[in-house]
Amino acid sequence: MSQMFKTIIVDDEPLARKGLEIRLKEFTDFELVAQCSNGREAIEAVRAYQPDVMFLDIQMPGLNGFQVVQELVSQELPLPNIVFVTAFDQYAIQAFDIHALDYLLKPADEQRLAQCIDKIRTHINQRQSATHTKELVQIVSEVTGNDTDNILETLAQNRPVDLHKYSDILAIKDAGETSRVPVSDILWIDAAGDYMCVHTEESTHILRKTMKQLEETLDPNQFIRSHRSTIVNKSYIKKFCSQLNGEYYLVMNNGKELKVSRSYKEKVKLAVHS
């Protein structure tokens, strides 16, 4: 099913609205959701329908077309793609100054309207593609810790983004903010229910990931599993110790003791002494 573009027509002349309505029926991906006879109705229609496209007359009683746009901006309503439709050509420069997508002179012939429709489709699709790319880049950044600008530069150069590269940064989202924690600053990570506690010298960050997911993002030459719920940075291990009861533990540079499970004992011992 092709994408549908919600559309409204704003014109104080009933015949002008009807003529545009009839012509728009030729373009089946444009869904006419409202017709408005004045600027106030247009503002309420935008509020109610959040249209993709608005064909907007300029000279109208009350609010003119430019004032309608100003009101939409001041009320922080989602601004549709605007095509001004008017019988006067002296407003063209002003129309494009406020980033109108197109400017049609009444009565717009079929060829000119078709050109306008193609421009609308292209613009919306390009904008959606750009938004989609931005969202994907943000996801890749959060997964890998790589800077979004670096990812965009890699894509612009037609080079593949290596999702398996071990990043120098661990991106941690918390309360709407993202902290970029240098991986080299991480002492150890342990599990707390459905969350991971990432410990540095300065603070502890909470990350919602599984231990397996987190382990896959860290360089195994630098980080080792010492327990089913603990990952340790080898650089901060002071010594490997055993107790009389046969249990094992690590002493970190800051004095913190971390238990080593029997299943990871040999691997940890080898890593510490290598």
Test: residue 254 is crowded, with 18+ Cβ neighbours inside 10 Å and under 40 Å from the mean Cα position of the chain (by Cα): no
Among the listed residues 35, 59, 70, which satisfies the condition of being free of Cβ contacts under 8 Å to residues at least 12 places away in the same chain and either of a type in the set (S, T, N, Q) or part of a strand (DSSP E or B) (or both)? 70
Matching entry among 261, 235, 226 (being under 40 Å from the mean Cα position of the chain (by Cα), small (Gly, Ala, Ser) and surrounded by 14 or more Cβ atoms within 10 Å (Cβ to Cβ)): 226
Quick one: would you say residue 219 is under 30 Å from the mean Cα position of the chain (by Cα), under 24 Å from residue 167 (Cα atoms) and modelled with pLDDT under 90? yes
Given the conditions (1) at pLDDT below 85; (2) part of a helix (DSSP H, G or I), which single one is not true for residue 171? (2)
Within segment 224-271, strands (runs of 3 or more DSSP E) holding 2 or more residues that are more than 19 Å from residue 196 (Cα to Cα): 237-242, 248-252
How about segment 67-92: which of its residues are crowded, with 18+ Cβ neighbours inside 10 Å and out of contact with any strand residue (DSSP E or B) (no Cβ under 8 Å at 6 or more places or on another chain)? 72
Could you pull out the residue among 41, 13, 21, 31 that is acidic (Asp, Glu), farther than 21 Å from residue 108 by Cα and either touching a strand residue (DSSP E or B) at 6+ places or on another chain (Cβ under 8 Å) or not assigned by TED's automatic domain parsing to the domain that holds residue 114 (or both)? 41
Would you mind telling me which numbered condition in (1) buried (at least 17 other Cβ atoms within 10 Å of the Cβ); (2) modelled with pLDDT of 65 or more; (3) farther than 20 Å from residue 267 by Cβ; (4) not aliphatic (A, V, I, L, M) residue 153 fails? (1)
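Suppose the filter is part of a helix (DSSP H, G or I), of a type in the set (S, T, N, Q) and at pLDDT below 85; does residue 111 pass it?
Numbers: part of a helix (DSSP H, G or I): yes; of a type in the set (S, T, N, Q): yes; at pLDDT below 85: no.
Against the criterion (part of a helix (DSSP H, G or I), of a type in the set (S, T, N, Q) and at pLDDT below 85), residue 111 does not qualify.
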Considering only segment 39-65, how many residues are touching a Phe, Trp or Tyr at 6+ places or on another chain (Cβ under 8 Å), aliphatic (A, V, I, L, M) and closer than 19 Å to residue 76 by Cβ? 1
Taking first residues from segment 112-135 that are closer than 14 Å to residue 53 by Cβ and second residues anywhere that are modelled with pLDDT of 85 or more and in a helix (DSSP H, G or I), the pairs with Cβ under 6 Å that are 6 or more apart or on different chains are 113/23
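The values are calculated or read from the model by the stated rules, or taken from the named source; none is laboratory data. If you're wondering where the values come from, they're calculated on a predicted model, not measured in any experiment. Every residue, glycine as well, gets a Cβ built from its backbone with ideal geometry; the counts of neighbours run over all protein chains shown.
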